Structures are given as C-alpha cells and as structure tokens.
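Below you'll find the structure, written out as structure tokens, and then a few comments.
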Amino acid sequence: MDICKTFENASKCSVNGTPMECFMVLSTQAQKISIATLCGLFGTLCIFENSVVLYLIFSSPGTRRKPSYIFISSLALADLLASIIFVSSFVNFHVLNETDSSKELFLLKLGGVNTSFTASLSSLLLTALDRYVSISRPSEYKLLVTRKRAWAALGVLWAMCVTTASLPILGWNCCTLNSTCSELFPFVDDNYLSSWVCLVMALLGCIVYAYAHVLWRAHQHVAYMGKHQVQVGKQNSRMRMDVMLAKTLVMVLTVLVLCWSPVLILMIYSIFAKLTNHLRKVFAFCSTLCLLNSMVNPIIYALRSKELFSSLRAVFFRFKRRLRGTDDSPEGDSAHKSSVAETVCEDDVHVT
C-alpha cells in the first residue's frame, strides 16, 4: 500500500499503524452498525427518489424541454451519483475497514464523492438563479433562460466540478507536495481542503442570497396588493401563493444549512486546530447529513412540482392497472393531464 511519508504532520499514529488505519475512527461495533444503517437507509431512499425524478422528467416531452426541469434533472443526477459513490466508499472504508486500495484509487473515489456533492450544490445554485431571474425579470425570463443556455450552464458546471475534484489525484496532495496533510481525509492537502471549503461556502452564500431575494419580492407583492387595495379574491389568492412560496424556500434553506453546516464547521476547525478522536467520529456521522440532503432534495425541488406529481400519479395508476390486469383507468389519465404547472416556486415567482 502506498503510505504517505508526511503523515506525522496530520496526526499521530501508533508505530505499527498505517495512515489509512488512523482515519478509521469508528472504534465500536455499535458505531459501525449505526453508520451502516444510516448510509443504507439514506442511500437507498436517495437512489430510489432521484431515479424516479429523472424518469418523470425525461419521460415527458413537456418537462424535459423546460430549463427549470433541466436544472432539477442535473440535481437529481448529482444526488444519485453522490448516494452510490459515497455509500459504497464510506461503508467500505469506515465499516469494513478496507485498506488494500492504493493512494490513487482512494483519491479517485474521493474525487467521485467530491464531484457529486459539488455538482449537487452547483445545481441547487442554478435552480436558485433560475427562480431569481424569473421573479426579477419576469417579462424577459423566456428570452434570458433558454434550453441552449441551460445545457451550456450545466456543461460548465460539471466541467468545473470534475476539474476541481481531480486536482488531488493530479498532484495537489500532501504526499506529492510534501505538505501538511488533512486530519479528516487521507492524502488530502490542507490547502486544497481550504480551497474546497471556500468554494462550497461561496455556493451556499449565493443560494441563500438568491432565495432571500425571491422571498423579499414575494413580500413586496403582498405589501403592494394591500396598499393599492387589489380585489379581495385576487389578493387572497396571491397571499396564499406567497405563503406557500415562503414555506417552501424556508424549508429549502433550513435543510441546506442544517445538513452542510456541521461538516463545514469541522472542516474549517481541522485546518486551524488539532482534532480529537471524538471530533473525528462526530465528523464521520455528520458526513451522512450531506447524504440526507441529497435524499431530501427530490422531495423539495421535484415532487412538490404539480406537473411532476401529476406524472407520478399517472405512473402509479398505470402500474396499478398492470398488476390488476384491467383496462385503462380514467382516473390515471385525468391525473396525467390535470396539471401543466411549474413547480410551486416557479408558479409563484412568475407572477408579477
């Protein structure tokens, strides 16, 4: 096994220990079972939910042509890959304690996890910017956000994520540079970890700003209607939509911050101070929160869409008919045709 000679810069190990073994912080069987259970549960649901979302989007010509759903499909793909790569590598390392991989193979797996989670956050940013543009410049939205530009943005996004994640295996690691190693990840240079944390925090900051602006504009709509005494029926309808939008966006931001804050805080702390074994165990458990975020994303961003939910009902009724061997169900057909609306957020923010 390729052992980093500069590991003593990162943390102290026993004389007979190897660097890889020092990062296996789960010391009891109960801890390993807990991690395996969390990864198995979150990972299975994440794979199922995001696979359903991708099927619903690309099985319908109406949804796969819309830029907003193109961004959501990128989010679902990133979360799907994150769940597969993260669960397999994380369980293999922390639960099964496999250490027979080389430095290159380990960094390749880590790069896959890095790419997936960074692409997930970047897709969330594109979704937030899509809704930001739709409420800031509603009359120009269709001219500004086209399918061609959406695919181009996704191309740049994924290229950036792959390039950033590939830097350690291309040479930016503490073994090659003989620099300070991270206490959280084998072979990872502290400067690289700092750069990646800054990138993630910048993405999160832009997402929060975009959604905060959307909430502010929604509040302005309510205040404007109240001040100018808009018709009662229209005002009540608009207020219901704004309340629904506010609830959705508060849910989005709350889940995002709760899932990513613990991991980022511990990463930042590890750069400036020594971590105890207890904190490294906490980090291992907090890492599963990123997987939880990938599991919740389809529910918040996709399945709250009236159009996708209608398609899901239609699929369910078709599956139910096949099991029963009956003729076409009018209920299923009506469910499929009942809504051509955008997502809840998109419905709201397109109203001027």
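The values are calculated or read from the model by the stated rules, or taken from the named source; none is laboratory data. It should be emphasised that the depicted structure is a prediction, and the values quoted were computed from it without experimental measurement. Every residue, glycine as well, gets a Cβ built from its backbone with ideal geometry; the counts of neighbours run over all protein chains shown. The protein model used for the area step is the full one, side chains on, heavy atoms only, and it has no ligands, DNA or RNA in it. Shrake-Rupley method; radii C 1.70, N 1.55, O 1.52, S 1.80 Å.
Summary of computed values
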read-out	value
The listed residue being in a helix (DSSP H, G or I), surrounded by fewer than 17 Cβ atoms within 10 Å (Cβ to Cβ), at pLDDT 80 or above and touching a helix residue (DSSP H, G or I) at 6+ places or on another chain (Cβ under 9 Å), out of L199, L203, L154	L199
Filter result for S166 (open to solvent by less than 10 Å² (accessible area, probe 1.4 Å), modelled with pLDDT of 90 or more and of a type in the set (S, T, N, Q))	no
L184 closer than 21 Å to K274 by Cβ and touching a helix residue (DSSP H, G or I) at 6+ places or on another chain (Cβ under 7 Å)	yes
Residues of segment 69-86 classified as open to solvent by 30 Å² or more (accessible area, probe 1.4 Å) and under 23 Å from T28 (Cβ atoms), total	0
Close pairs from segment 28-47: first within 22 Å of D79 (Cβ to Cβ), partner in a helix (DSSP H, G or I) and open to solvent by 60 Å² or more (accessible area, probe 1.4 Å), Cβ under 8 Å, at least 6 apart	I35/F285; L38/F285; G43/I84; I47/I84
Test for C181: is it without any contact (Cβ under 8 Å) to a residue 60 or more places away in the chain and under 23 Å from V282 (Cβ atoms)	no
Subset of segment 83-135 (residues that are more than 23 Å from T163 (Cα to Cα) and out of contact with any helix residue (DSSP H, G or I) (no Cβ under 7 Å at 6 or more places or on another chain))	N92, F93, L96, N97, D100
Filter result (within 28 Å of W151 (Cα to Cα), of a type in the set (A, V, I, L, M, F, W, C) and open to solvent by 50 Å² or more (accessible area, probe 1.4 Å)) within segment 34-67	L45, I47, F48, F58
Single match in V250, V255, V282 (criterion: in a helix (DSSP H, G or I), more than 16 Å from the chain's Cα centre (by Cα) and modelled with pLDDT of 85 or more)	V282
The listed residue being of a type in the set (S, T, Y), under 16 Å from F117 (Cα atoms) and either open to solvent by less than 10 Å² (accessible area, probe 1.4 Å) or under 15 Å from the mean Cα position of the chain (by Cα) (or both), out of S305, S270, S287	S287
Lone qualifier among L143, L108, L129, L193 - being assigned to a helix (DSSP H, G or I), under 30 Å from S27 (Cβ atoms) and open to solvent by 30 Å² or more (accessible area, probe 1.4 Å)	L108
